[in-house]
1. Taking the 0 to 90 degree range and rounding to the nearest ten, how far is the long axis of helix 152-165 tilted relative to the main principal axis of the chain, both from C-alpha atoms?
2. Measure off 7 Å from each Cα along the Cα-to-Cβ vector at Asp26 and Ile55, then give the distance between these two points in nanometres to one decimal.
3. Which of the aspartates and glutamates could a cross-linker bridge to Lys197, judged by Cα under 13 Å and excluding same-chain residues fewer than eight apart?
4. Hey, what angle do you get for helix 182-199 against the long axis of the chain, alpha-carbon based, 0 to 90 degrees rounded to 10?
5. Leaving out ligands, DNA and RNA but keeping every protein chain, what accessible area does Asp133 have, in Å² rounded to the nearest 10, with a 1.4 Å probe?
6. For the pair His148 and Arg63, what calculated FRET efficiency results from E = 1/(1 + (r/R0)^6), where r is the Cβ-Cβ distance and R0 = 51 Å, to the nearest 0.05?
7. Around Phe12, what is the net charge, scoring Lys/Arg as +1 and Asp/Glu as -1 over all other residues with Cβ under 15 Å from its Cβ?
8. By how many nm would the segment from Asn93 to Leu114 lengthen if fully extended, with 0.36 nm per residue of separation less the alpha-carbon distance?
Amino acid sequence: MLLTVEGLEVGFGAFSPVDDVAFSIDRGEILGIVGESGSGKSLTAIAIMGLLSRIGGRIVAGRICFDGIELAGLPEAKLRRLRGGRIALITQNPMTSLDGMMRVGPQIDQAARLHLGLDRRAARARSLELMADLRIPDPARVYDLYPHQLSGGMKQRIVIAMALAGDPELLVADEPTTALDVTVQAQIVQILVELVKRRGLAMILITHDMGVVAQTCDRVAVMYCGRVIERAQVNAIFEDPRHPYTQALIRCIPRRDMTRGSMQPIPGMVPNVANQPAGCRFNPRCPRVADICHTEIPGLRVSAGDHGVACLRADAA
Ligand SMILES: Nc1ncnc2c1ncn2[C@@H]1O[C@H](COP(=O)(O)OP(=O)(O)OP(=O)(O)O)[C@@H](O)[C@H]1O
Ligand SMILES: [Mg+2]
């Protein structure tokens, strides 16, 4: 496995919005992380990128093992070398990654100069190649434009080119298309999937869109209130969902148009993260709830085919 996350707990002071998260991903694979707003998807991504300290958080427990390197507790200088190099992040809003005052081409060059040690000329040639790879028309012209001169979809392609410029092995894409039009979303997702497969990269794709998951991911981790409540191969998630939350998510996908199948709300509310119910965090909304669910926190039990489910009543259905 290229990346293995085990027992990850992310804390802010005494409060841990991410707890006991575990999954792994290999080269050439796309792992989808899905879950309602506030379920801890972005914090998990931020933890993998080694950026928690910037937002006042820390890794309280667990391991993040990247190609044999333990990232939790790695000194900042070493993290900085990995970040934008072997591990790259793509975020939802291109303007968090782009400098509005700088032409886009040189912004792509930066990662190649920093992480691959290329000189200005070589970095530019590489950036133009990456831009062509991302099907940006007329790369030499676009290279000299400023972000505000580009459409949202083109800006996001530039951000992806920046992420690729350092020659990463792992891409962490946190809702990379959420801010874009539906048709543009589909193009960008397609480009990302092609890249991952062609270059044998690994990608963590965080999304609200179960349709995108069905079409692109090899494996899926479903998060609820800071925990992975189910994880499996993509087919198993859709054909044999075992956690009542996953089952509800899949029931909520509009049948006729999977590509637009964004996640629909499930009855009830996600509990306030600072004020979790005792026992299983899904118990207030669960159709299968029993006494034990109020006292015991279910751990992820993994069965054949690496299908894991965190439900004390998984066999009751
Ligand atoms: N900087 C922070 N300080 C304290 N708590 C935070 C911080 N960032 C996030 N949290 C808490 O962690 C929870 C999970 O946040 P996170 O951003 O990971 O959710 P998410 O699954 O990415 O949601 P969304 O789908 O809306 O992006 C939030 O509900 C919030 O309570
Ligand atoms: Mg998020």
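The values are calculated or read from the model by the stated rules, or taken from the named source; none is laboratory data. No experiment lies behind these values; they were computed from the predicted model shown. Glycine gets a Cβ as well: all are built from the backbone with ideal geometry, and neighbour counts include every protein chain shown. The protein model used for the area step is the full one, side chains on, heavy atoms only, and it has no ligands, DNA or RNA in it. Shrake-Rupley method; radii C 1.70, N 1.55, O 1.52, S 1.80 Å.
1. Approximately 80 degrees, to the nearest ten.
2. Spacing of the two 7 Å Cα→Cβ label points: 3.1 nm.
3. Excluding near neighbours in sequence, the set is Asp26, Glu29, Glu169, Asp218.
4. 80 degrees
5. Asp133 exposes around 60 Å² with every protein chain in place.
6. Computed FRET efficiency for Arg63 and His148 comes out at 0.75.
7. Local net charge: 0.
8. This chain segment gains 5.2 nm when fully extended.
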